[in-house]
Structure formats: C-alpha cells, structure tokens
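The structure appears right after this line, and notes come after that.
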Amino acid sequence: MKFIKNRTVLVFVTLVYCYIVNFLTAGGQTVSIIVTEQTFESTYEDMNISRKVLSRTLEDSGTLSAPIVPWGVATIYVMGVLGCSTAYIPYAWFIFIVPVFSMICAITGIGVWDKEEKPVRK
C-alpha cells in the first residue's frame with residue numbers, strides 16, 4: 001500500500017481496516033482477523049516489522065470490536081448474559097482504550113519488534 005510510509009500509519013490503518021471488516025461481517029471477529037491479516041501481512045514484511053505486532057494489532061481491533069457491533073453474534077451473546085440491550089456498549093471502556101494503547105506503542109516504538117525480534121525505537 002503506497003500511502004503507508006511508517007509503522008504508526010501502518011498500525012492505524014490496520015486497526016481501522018479491521019474495525020470496518022468486523023462491522024461489515026456482522027461482528028465476525030474470525031473473518032475480520034483473517035481478512036485483515038491477509039491484506040497487511042506483506043506490508044508488515046516489507047516494512048521489517050515482526051508478525052507479533054500484526055498479531056497484537058489484530059487482537060486489539062478484531063477480537064475486541066466484536067462485542068460493539070450491535071447486529072453481531074458477540075453482542076447478542078453479551079446482551080443475553082447481561083440481560084440488557086446494547087446500552088452496555090458505551091461502558092465497555094476496555095474495548096475503546098486498548099486501540100489507544102496500540103497507537104501509543106506504534107508511535108513510541110515500545111513493544112514493536114523487527115523481523116529479527118529486535119526492539120524498534122523511534
């Protein structure tokens with residue numbers, strides 16, 4: 001992808017892409033993770049970023065966003081367990097704060113490794 005010039009943009013685009021796919025596939029976290037991984041795998045390789053970073057980014061967006069897709073299976077499960085409507089979504093703060101930390105890691109280089117598993121710093 002030509003417009004991705006650094007790791008911060010790469011992680012941000014990966015997060016957003018995974019959220020979009022998750023919403024389009026009705027909260028199908030498995031589908032969003034697989035599709036996003038297949039889309040960005042070569043870009044992480046080309047930018048010399050470890051697949052661990054890709055894996056963490058997929059977890060931070062694909063898995064965590066499933067319970068906030070109002071028409072998704074994960075949301076229906078949570079609603080059944082809690083006995084409530086989608087009113088819980090604004091209070092699921094963990095789902096919203098984890099991607100922020102993912103971006104902080106991308107910006108600072110903390111928790112980012114190259115393909116040889118060496119820490120990458122700014």
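The values are calculated or read from the model by the stated rules, or taken from the named source; none is laboratory data. All values derive from a computational prediction rather than experimental measurement. Note: ideal-geometry Cβ built from the backbone for every residue, glycine included; neighbour counts use all protein chains shown. Please note that ligands, DNA and RNA were not included when accessible areas were found on the heavy atoms of the full protein model with its side chains. Shrake-Rupley method; radii C 1.70, N 1.55, O 1.52, S 1.80 Å.
Points worth noting:
- Verdict on residue 75 being closer than 20 Å to residue 12 by Cα, open to solvent by less than 70 Å² (accessible area, probe 1.4 Å) and out of contact with any strand residue (DSSP E or B) (no Cβ under 6 Å at 6 or more places or on another chain): no
- Top-ranked residue of the range 10-30 - restricted to ones that are open to solvent by less than 70 Å² (accessible area, probe 1.4 Å) and farther than 17 Å from residue 98 by Cα, ranked as modelled with the lowest pLDDT: 27
- The residue of the range 44-69 that is nearest to residue 116 (Cα to Cα), among those that are of a type in the set (A, V, I, L, M, F, W, C) and in a loop (DSSP other than H, G, I, E, B), is 49.
- Residue in the range 94-110 that is open to solvent by 70 Å² or more (accessible area, probe 1.4 Å), in a loop (DSSP other than H, G, I, E, B) and at pLDDT below 95 present: yes
- Where residue 38 falls short, out of the listed (1) among the polar types (S, T, N, Q); (2) farther than 21 Å from residue 10 by Cβ; (3) without any contact (Cβ under 8 Å) to a residue 12 or more places away in the chain: (2)
- The listed residue being touching a residue at least 12 places away in the same chain (Cβ under 8 Å), out of contact with any Cys (no Cβ under 8 Å at 6 or more places or on another chain), of a type outside the set (Ser, Thr, Tyr) and more than 27 Å from residue 118 (Cα to Cα), out of 74, 87: 74
- The C-beta contact set for the range 1-23 (first residue hydroxyl-bearing (Ser, Thr, Tyr), second residue open to solvent by 50 Å² or more (accessible area, probe 1.4 Å), distance under 8 angstrom, 6+ apart or interchain) comprises 8/107.
- Residues (part of a helix (DSSP H, G or I) and either closer than 12 Å to residue 22 by Cβ or acidic (Asp, Glu) (or both)) located in the range 70-93: 73, 74, 75
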